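FYI, it's all coordinate maths here, none of it is from the lab. Because the structure is predicted, anything quoted here is derived from the model rather than measured. We place every Cβ from the backbone using ideal geometry, glycine too, and count neighbours over all the protein chains shown.
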Ligand SMILES: [Zn+2]
């Protein structure tokens with residue numbers, strides 16, 4: 001590919017002291033090299049910043065193009081945005097833009113920090129563009145504008161490199177057991193908050209993803225590549241992808257992916273690089289870096305290189321894979337992408353315009369109601385949609401849609417908009433998995449083979465945010481004001497100077513106000529039951545803050561918190577309650593600020609513990625102490641009132657029998673122990689003596705015995721095997737769980753009588769993953785505060801096996817039990833999954849803050 005280089009252009013060796021691919025470059029050094037290239041060719045490169053990580057590192061982009069293009073970057077961006085909005089760009093204007101504007105090729109690298117070679121390949125590719133004397137490369141620079149994002153996750157890359165460097169000896173060791181290549185928990189994959197940034201694109205909890213999405217919306221690239229690594233034994237993957245494909249991906253996008261893929265195949269053949277397509281990596285979940293940009297009309301693709309996870313790796317075959325090989329392969333793929341984009345310039349820009357024009361042919365609208373249990377959830381949802389480029393309108397007046405009445409302030413997403421497919425993919429209740437793919441998965445399951453579903457099959461945002469939504473066949477005619485991405489609608493305290501004090505409505509904003517006030521030492525009570533005050537019915541979970549016993553500046557603080565949280569705060573002049581419990585009754589429990597410990601390190605799932613910490617600390621502004629799980633066994637926990645065991649693996653092994661006993665005794669002394677997801681296995685293990693619920697084996701269908709183990713009997717009862725299904729059951733494992741579920745949204749009904757459900761909607765949607773199903777607690781053993789619906793009613797969205805659906809019916813989703821002076825709470829499925837299960841956050845906050853209020857813990861300073 002034109003290796004005739006101008007030797008004067010800075011090389012990696014001249015700037016960093018080693019040849020490209022000889023070392024794994026530190027994030028700061030990647031930046032340093034790009035700065036050196038820019039200093040050499042300021043007329044052909046511009047560098048900017050799109051995010052700062054939580055650890056303070058920049059995420060930068062570097063645009064490379066011809067001097068003429070670099071001189072008119074803003075115009076190029078504006079042209080691209082004009083093509084993205086055919087309402088203001090006619091077909092002839094679009095043609096003029098296409099004739100005049102380069103294709104924007106957006107190349108993103110190493111989003112997973114331990115997927116190391118892409119960032120080094122970005123440096124090599126940028127140098128190639130600037131140093132090559134090949135006339136073809138000059139044509140690329142004129143026809144394309146190439147934007148590199150070389151280190152999408154610099155914090156994760158540094159975490160990897162710290163482990164790699166400290167384990168390194170005198171030379172690269174290819175042994176898979178060598179410490180330099182055997183990463184410690186939590187590994188370099190995740191960012192600082194331990195989020196998988198390649199799942200975060202539509203929810204944008206992390207600064208890296210928010211910055212990336214904002215950049216893509218500003219530049220509106222036509223081609224987007226997300227360059228990764230995979231297992232060492234694998235070769236190289238590029239699209240076409242595996243099934244299932246998301247049905248909202250446009251045909252033209254798939255065709256262009258294949259066009260670019262064929263060019264990469266040609267270049268790999270020339271270089272003798274093996275590769276594969278159509279396996280493993282699917283295109284269904286919209287939160288991937290190759291997913292989300294695609295719904296804005298980009299040809300977006302994932303590239304995956306088998307990782308050396310160091311400077312050299314011995315594959316199972318005995319072959320040595322060097323870091324240099326992996327960098328070279330990503331370099332070839334990046335350049336072949338630029339080449340194909342240059343050659344297909346007109347087609348790619350025309351397709352991009354047509355994609356957005358096609359959005360305008362949509363009909364109807366999604367209508368999101370604020371009049372739900374927690375109206376602020378609709379505001380948060382609207383903000384999330386705006387951050388994905390969707391145009392959302394807030395109704396200026398009351399209106400009728402689909403025969404229902406809506407209020408001013410409710411939201412309308414008109415489906416005649418360029419971002420129609422993005423709106424559909426995020427708002428639709430169901431995105432169908434293709435039938436042929438499903439049939440194949442059922443065949444595999446019947447033979448005891450695992451399914452091939454790569455990620456969750458449900459993410460419908462109205463379900464996740466517990467916000468009522470209707471898809472109406474015609475858009476309502478009401479005038480709307482464009483919604484912003486603010487997420488929170490600030491409120492003001494009503495009747496702020498009231499004589500007695502203030503009531504705070506429950507919900508996510510109320511919980512955020514609660515944590516802020518507890519940290520300031522504000523005295524408050526939480527109502528366990530609904531009540532009527534001054535003619536208004538207040539739900540359980542309402543907070544009561546009296547003037548008496550609180551500092552004089554409490555009204556000012558409440559005003560601040562109402563503005564920052566959006567909580568509804570209403571001043572009341574007297575405490576008389578006309579129905580329900582009084583503020584001085586024992587149904588009004590005093591809240592205090594608990595010290596919360598969160599298990600950390602093995603065996604927790606890094607992304608789960610990260611999401612749990614993120615929700616509590618960053619969303620609710622309340623600090624936790626993360627404690628290594630192994631330390632919990634012998635630690636003095638008496639200064640903590642709450643301990644969370646996040647979703648994870650074998651707690652029993654890490655804690656040991658003594659550690660489990662220590663936790664149980666801490667609960668007996670008043671602690672609130674909260675298990676999330678698979679941590680429920682520990683709480684329900686008979687040896688733990690904590691919760692009376694038990695994890696279930698797969699239910700056996702009528703007529704088929706579950707394969708009884710022979711045990712130590714010399715002979716067993718004879719069995720008739722009537723058909724192959726029964727045969728397969730008999731040869732299966734004797735004790736096995738239900739088949740694993742990739743991830744669906746399932747409806748759970750709430751028991752409104754319990755303090756744990758105070759202020760929670762009557763039904764919530766739970767992300768169900770894996771195979772854990774538990775027996776309900778019996779009366780006297782505790783309370784099933786949330787339980788799944790009937791088998792007909794429980795599935796809200798996604799692909800759930802029929803056997804699992806039947807077995808999940810009426811089983812607990814959240815359990816709680818008094819234990820000694822404390823509480824044990826089990827969320828059978830993780831309520832903090834990816835930080836986005838908004839409808840479950842009040843339940844979690846209740847467990848954290850009301851749990852200690854309903855226990856008798858030790859409060860120490
Ligand atoms: Zn990856």
Which three lengths, in whole Å and largest first, does region 320-462 cover when its Cα atoms are put on their principal axes?
66, 48, 29
If contacts are Cα pairs under 8 angstrom and at least 6 residues apart, what is the relative contact order of the chain in percent?
10 percent
Gyration tensor on Cα atoms of region 1-157, a ≥ b ≥ c root eigenvalues, a/c under 1.5 rounded, else prolate if a/b beats b/c, else oblate, says oblate
If you scale each eigenvalue of the Cα gyration tensor by 5 and take the root, what three semi-axes come out for region 769-861, rounded to whole angstrom and sorted largest first?
28, 17, 9
Scattering profile of region 146-206 from the Debye formula, Cα beads only, expressed as log10 I(q)/I(0) at q = 0.12, 0.19, 0.29 Å⁻¹, is -0.39, -0.77, -1.17
Computed over region 453-611, the ratio Rg/Rh where both radii use C-alpha atoms and Rh is Kirkwood:
1.06
Dimensions (Å) - region 522-672, Cα atoms, principal axes, largest first
55, 32, 27
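Before anything else, pin down the relative contact order of region 278-364: Cα pairs under 8 Å, at least 6 apart, normalised by residue count, whole percent.
Relative contact order here is 19 percent.
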How big is the shadow of the Cα convex hull of region 536-599, averaged over all directions, in nm²?
6.5 nm²
Where does each of 721-728, 512-519, 644-651 land if you order them by average Cβ count within 10 Å, highest first?
644-651, 512-519, 721-728
Could you compute how fast region 10-82 diffuses translationally, taking Rh as the Kirkwood radius over C-alpha pairs and applying Stokes-Einstein at 4 °C with viscosity 1.567 mPa s? Give it in µm² per second.
94 µm²/s
Limiting things to C-alpha atoms, what are the Rg and the maximum Cα-Cα separation (Dmax) for region 243-326, in angstroms?
15.3, 44
Round to the nearest 10 and give me the degree value, 0 to 90, for the angle of helix 841-853's Cα axis relative to the longest principal axis of the chain.
40 degrees
Beta bridge orientation in region 586-683: antiparallel %, DSSP, nearest 5:
10 percent
Taking square-rooted eigenvalues a ≥ b ≥ c of the alpha carbon gyration tensor, is region 600-662 rounded, prolate or oblate, where a/c under 1.5 means rounded and, failing that, a/b exceeding b/c means prolate?
oblate
What's the long-distance tail for region 443-516, i.e. % of Cα pairs beyond 17 Å?
75 percent
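Suppose R0 equals 22 Å. What FRET efficiency, 1/(1 + (r/R0)^6) with r the Cβ-Cβ distance, do residue 790 and residue 445 give to the nearest 0.05?
Given R0 = 22 Å and the Cβ-Cβ separation, E is 0.40.
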Of the DSSP beta bridges with both residues in the chain, give the percent that are antiparallel, rounding to the nearest 5.
65 percent
Rounded to two decimals, what ratio of Rg to Rh does region 638-688 give with C-alpha atoms and a Kirkwood Rh?
0.93
Rank these for me by crowding, 655, 348, going from fewest to most other beta carbons within 10 Å.
655, 348
In whole percents, the bins of 5 Å from zero upward hold the Cα-Cα pairs of region 43-107 as 4, 15, 21, 19, 14, 12, 9, 3, 2, 0
Can you order the peptides 658-669, 601-612 by their average number of other Cβ atoms within 10 Å per residue, highest first?
601-612, 658-669
Would you calculate, for the chain, the mean residue ellipticity at 222 nm contributed by helices, counting each DSSP H stretch of 4 or more residues as -39,500 (n - 2.57) and dividing by all residues, to the nearest 500?
-9500 deg cm²/dmol
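Suppose R0 equals 51 Å; then what is the FRET efficiency for residue 187 and residue 405 from their Cβ-Cβ distance, rounded to the nearest 0.05? Working shown, then result.
Working: r = 52 Å, r/R0 = 1.02.
With R0 = 51 Å, the Cβ-Cβ based efficiency is 0.45.
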If contacts are Cα pairs under 8 angstrom and at least 6 residues apart, what is the relative contact order of region 141-238 in percent?
21 percent
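Would you mind estimating how fast the chain diffuses translationally, via Stokes-Einstein at 25 °C and 0.890 mPa s with the Kirkwood radius over Cα pairs, in µm²/s? Can you show the working numbers first?
Working: Rh = 29.1 Å.
The estimated diffusion coefficient comes to 84 µm²/s.
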Could you compute how fast region 373-453 diffuses translationally, taking Rh as the Kirkwood radius over C-alpha pairs and applying Stokes-Einstein at 20 °C with viscosity 1.002 mPa s? Give it in µm² per second.
137 µm²/s
Rg and Dmax of region 330-404 over Cα atoms: what are they, in angstrom?
20.1, 57
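What is region 150-268 by shape, rounded, prolate or oblate, if you read a ≥ b ≥ c off the alpha carbon gyration tensor as root eigenvalues and call it rounded for a/c under 1.5, prolate for a/b larger than b/c, and oblate otherwise?
It is oblate, given that a/c is not under 1.5 and a/b is not larger than b/c.
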Compute for region 76-184: radius of gyration divided by Kirkwood radius, i.e. Rg/Rh, restricted to C-alpha atoms, rounded to two decimals.
1.20
On Cα atoms only, tilt of 91-100 relative to the major axis of the chain in degrees:
60 degrees
Across region 76-133, what fraction of all alpha-carbon pairs, as a whole percent, falls in each successive 10 Å bin from zero upward?
20, 30, 24, 23, 4
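What's the ranking of 312-319, 201-208 by average number of surrounding C-beta atoms within 10 Å, highest first?
201-208, 312-319
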I'd like the orientation of helix 435-446 relative to the chain: the angle between its Cα long axis and the longest Cα principal axis, in ° from 0 to 90, rounded to 10.
60 degrees
